[in-house]
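Everything below concerns the one structure shown next.
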Amino acid sequence: MHDFARALADQIPGAAPRDVTVNFAVRRQAAAQHGYRSRGGPVTVYAQALHAQLYGLPLGGEPLPADLGGLLQAAHTTGDPDQQAAVLQQLAEQLRNAAEILEWARNHAHWRRLPDSAWDWLRDATDRTRDLADGLDAVHPAFADDPPALASRLQPTAPQTAPSTVGAPATSPAIRRR
């Protein structure tokens, strides 16, 4: 779903999927034939529906919330195994978004010439966040009602990055290098 949302959002260069909405309408020549219908909404919702249609996933029910607070609420209130798997899949997508934000911060730390320790910490955080998302991709099918046989053999792996020896970046003003 993340790839679909990103591809749709890329129609507006630099826009994040969470900031983009889509609107669909029929051609003027066909409007009467289709009852002058139109439809629109967040690109992430349409990407989720498109993903479901292409890959045969269930379309029914309300889409999962995009915000982490709403996702946490969904996790605590659902007893449906497929919905539990969907919550973990949505969390993986949110972690990918978080990794993109961390990468953006890392680039800005470089451009603003912040201390190397800040850049290193952000690099490690980006890598670990992506590892977590990949791990959720591996385990979320096991939560579904009829998980594929392969999912039972998949084991999440520990993050590939070494433990960080770099502390969190200091909050003092940036050190400018000349």
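The values are calculated or read from the model by the stated rules, or taken from the named source; none is laboratory data. As the structure is a computational prediction, the values presented were derived from the model and not from experiment. Heads up, the Cβs are rebuilt from the backbone with ideal geometry, glycines too, and the neighbour counts pull from every protein chain shown. Only protein heavy atoms, including side chains, enter the accessible area calculation; ligands, DNA and RNA are left aside. Shrake-Rupley method; radii C 1.70, N 1.55, O 1.52, S 1.80 Å.
Using the Cβ of residue 18 as centre and a radius below 14 Å, the other residues enclosed give a net charge of -3, where K and R count +1 and D and E count -1. Other residues with beta-carbon under 14 Å from the beta-carbon of residue 125 carry, at +1 per Lys or Arg and -1 per Asp or Glu, a net charge of -1.
The distance between label points at residue 67 and residue 134 comes to 3.2 nm (points 7 Å beyond Cα on the Cα→Cβ vector).
Computed from backbone phi, the HN-Hα couplings of region 91-97 come to 4, 4, 5, 5, 5, 5, 4 Hz, rounded to whole numbers (Karplus: 6.51 cos²θ - 1.76 cosθ + 1.60, θ = phi - 60°; Gly and Pro given as x).
Each Lys or Arg adds one and each Asp or Glu takes one away; over the other residues whose Cβ falls under 15 Å from the Cβ of residue 134, this sums to -3. According to the Cα-based calculation, Rg over Rh for region 1-44 is 1.12, with Rh computed by the Kirkwood formula. Heavy-atom surface analysis with a 1.4 Å probe gives region 18-126 a carbon and sulfur content of 54 percent of its accessible area. In this simple spin-label model, placing a label point 7 Å from the Cα along the Cα-to-Cβ direction at both residue 28 and residue 7 gives a separation of 3.0 nm.
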